[in-house]
Structure formats: structure tokens, C-alpha cells
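Take a look at the structure below.
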Ligand SMILES: [Zn+2]
């Protein structure tokens with residue numbers, strides 16, 4: 001039996017009344033767990049089996065891999081404002097999917113757990129959702145040990161103050177001498193690199209108002225998205241939905 005604090009990353013209906021949850025826990029990494037009866041609204045497990053729910057779970061589970069069974073659970077935070085808002089839910093889905101892809105089953109990952117919990121709180125509180133997911137991407141790279149080097153040219157390794165281009169191939173910004181060393185490098189504004197550095201260094205709990213123009217938002221998204229695709233080796237379902245939302249300007 002294990003007692004963990006956890007966030008619901010995913011749920012799948014199982015049979016008439018059960019759900020199988022994928023939980024991101026504070027001490028045990030990802031855990032698959034059966035929530036018996038959770039589909040029934042009057043069930044005690046109903047509220048703790050919703051996507052994004054954060055709770056304390058008692059789980060009957062062995063030491064190895066394999067699924068556990070939830071014996072008892074208590075809801076700490078439902079993140080209701082997220083679940084009831086299509087926009088917030090789309091961004092939150094991407095946050096939990098990032099966590100899902102970056103964390104292994106039963107591999108301790110308290111850093112990711114705290115990151116996701118903090119970012120869901122920001123979305124719940126109405127913080128700028130696009131900035132929240134960019135921050136998530138940057139911090140996830142950090143926790144996965146594949147953070148981009150942002151203070152040196154990725155081609156000649158000289159220190160860079162400002163850069164005009166970011167090379168995915170070389171894995172960082174390019175200095176003035178090297179900025180044509182990768183013809184596919186992404187053009188960026190000085191403030192874009194500055195923000196990437198800020199995201200990398202900042203304590204996520206301290207996220208305040210960020211005033212960022214549309215072109216810089218696009219550049220941040222492009223750099224982080226392509227960097228993750230290149231270096232993390234994972235692909236994302238929820239991202240396509242986010243891109244659709246933007247396309248139709250919903
Ligand atoms: Zn250089």
C-alpha cells in the first residue's frame with residue numbers, strides 16, 4: 001500500500017463503472033491505477049478521477065511496475081476553472097501530456113510533479129496560458145537534462161549577448177559570425193532570447209504578468225517546439241489541438 005499525492009494525467013473508462021487513471025505522483029513517478037466505481041457520480045472516487053484533479057491517494061500496489069487499485073482518496077484541488085473552459089483545458093492538456101511523455105512509470109520525479117501542480121494553479125488563476133506552456137516546455141527540458149545553452153554561440157561557443165538566430169540543429173543561439181552556419185536557423189528578436197533565458201532561470205511560482213507581443217510569442221513557441229521535437233524524441237497529440245484553436249482564433 002502506498003500513500004501519494006498525485007495529479008490525474010489521463011483517464012480511460014473501463015467497464016461500466018470504472019476508470020483507469022494515469023497519475024503523476026510526488027514520490028513514485030507515474031502510476032497506473034484502477035478507480036472502481038469512479039464513473040458513477042455519487043462514487044467517492046468520482047471527483048478524484050477527473051482529468052487534472054489533484055488529490056491524496058491510498059493505492060494498493062506492488063513494488064514493481066503494473067497497475068494498482070485505489071483504496072481511498074481525498075481531493076485537494078479539482079482545478080474546476082480549467083475543466084470548464086475549453087481554452088484553459090487545451091493548454092492544461094498539453095502541460096499534462098508533456099509530463100506524461102517525460103516521466104517514466106515508477107521513476108521518482110518530484111520536480112515534474114511540483115512543476116505541473118504550479119502551472120495548473122497558474123492556469124486556474126487565469127495567468128497567460130501561452131506563457132504558462134512555454135515555461136512548462138523550458139522547465140521540462142531542464143528536468144530532463146536537455147536544457148538549451150543560451151549564453152554561448154551554439155556553433156563557435158563564444159559568449160553571446162544577443163543573437164539574431166536560434167539554431168535547432170546546433171542546439172542554441174548563433175553569434176554574429178556564425179549566424180549563417182545553419183540556413184534553417186530561426187530568426188529571433190533580442191527580447192525572445194532574453195525571455196528564453198528568463199524562463200530558464202525563473203522560479204515558476206513567481207510568474208507574474210508578462211507583456212509579450214505576438215511575433216515574440218510565435219518565436220518562443222517555434223524555438224521551444226522544434227527544440228523539444230529534435231532533442232526529446234517524443235511527439236504530442238494535444239499540441240495539434242492547440243494549433244487548431246489558434247488557426248480558427250476561437
Ligand atoms: Zn559563433
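As I understand it, the value is the acute angle between the Cα axis of helix 190-201 and the longest principal axis of the Cα atoms of the chain; what does it come to in degrees, rounded to 10? Once rounded, the angle reads 40 degrees.
Mind checking the angle between helix 238-247 and the chain's longest principal axis? C-alpha axes, 0 to 90 degrees, to the nearest 10. Orientation of helix 238-247: about 60 degrees from the principal axis.
Can you tell me the orientation of helix 129-143 relative to the chain, as the angle in degrees between its alpha-carbon axis and the longest Cα principal axis, to the nearest 10? Helix 129-143 and the main axis of the chain meet at about 90 degrees. Its relative contact order, with pairs defined as Cα atoms under 8 Å and 6+ residues apart, puts region 147-231 at 25 percent. Spatial offset of region 194-232 relative to region 90-147 amounts to 13 Å, using the alpha carbon center of each. Take every pair of alpha-carbon atoms less than 8 Å apart whose residues are at least six positions apart; their mean separation over the length of the chain yields a relative contact order of 14 percent.
Dividing the summed helix terms, -39500 (n - 2.57) for each DSSP H run of n ≥ 4, by the number of residues in the chain produces a 222 nm estimate of -11500 deg cm²/dmol to the nearest 500.
Taken together, the values in this text are just the output of simple stated rules run on the coordinates, not laboratory data. It should be emphasised that the depicted structure is a prediction, and the values quoted were computed from it without experimental measurement.
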